[in-house]
Amino acid sequence: MRKKSREMDSEWALEVMRKAPYITVSFTRPDGTAYGVPLSLACISDNVWYFHCAPEGDKLDAIAAHPQVCLSAVTRCMPTAGPKDGSFTLQYSSAIAFGIAETVTDREEKIQALKAICQRFLPEHMDAFDDAIRRSLDRTAVVRITLSMPPVGKRKQYDKNGEEMKYGRM
């Protein structure tokens, strides 16, 4: 990271990932080209994240060829005129993580992962979860991403006096 003063620790980065409405996952296709797509991920532990998808397609083809992935999350993204000099800038909170993706084959783990995703994004509709599992579990793929190292966070944020909040100033 070029500006170490904006680097945030892994706990902070995990919180960004948990709050982000989606996380862009970047894959490498079998032909070596890049493929990034915003997905709705949920975690069961700090280093295990899940998403669901169709049982065939670009994501699964890429994982089969190159299981290494990169996750990128952004929250609190706000274009801003620099408080001191009026320059155009952006305030943000972001996190990046690297991991290994693999298709989940264990039925119970698939259900647990889908439950975590549903609880994260539609907690008020959990009464419909069991019926949805009965209808669509067999036609839904679930992918587990195990982080290979803790995520790294970065932020640019100004306080009420227009001073950039460097690492350690929350």
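Evaluate region 7-24: report whether one residue or more is surrounded by 15 or more Cβ atoms within 10 Å (Cβ to Cβ), in a loop (DSSP other than H, G, I, E, B) and at pLDDT 95 or above.
No: zero hits.
Here is a list: ALA128, ALA97. Which entry is surrounded by 15 or more Cβ atoms within 10 Å (Cβ to Cβ) and either among the aliphatic types (A, V, I, L, M) or modelled with pLDDT of 95 or more (or both)?
Going through ALA128, ALA97 in turn, the sole match is ALA97.
Output yes when any residue across region 106-116 is loosely packed, with under 14 Cβ neighbours inside 10 Å and within 21 Å of GLY57 (Cα to Cα), and no when none is.
yes
Restricting to region 111-155, give me the number of residues that are touching a helix residue (DSSP H, G or I) at 6+ places or on another chain (Cβ under 7 Å) and under 20 Å from VAL16 (Cβ atoms).
Count: 7.
Give all pairs with beta carbons closer than 7 Å in which a residue from region 28-39 that is touching a residue at least 12 places away in the same chain (Cβ under 8 Å) and under 9 Å from ALA65 (Cβ atoms) meets a residue that is among the small types (Gly, Ala, Ser) and in a strand (DSSP E or B); count only pairs at least 6 apart in sequence or on separate chains.
THR28/ALA34
Has region 42-63 got any residue that is part of a strand (DSSP E or B), more than 23 Å from ASP138 (Cα to Cα) and free of Cβ contacts under 8 Å to residues at least 40 places away in the same chain?
Yes, that holds for at least one residue.
The values are calculated or read from the model by the stated rules, or taken from the named source; none is laboratory data. Predicted, not measured: the structure shown is a model, and the values here were computed from it. FYI the Cβ positions are ideal-geometry reconstructions off the backbone, even for glycines, and counts take in every protein chain you see.
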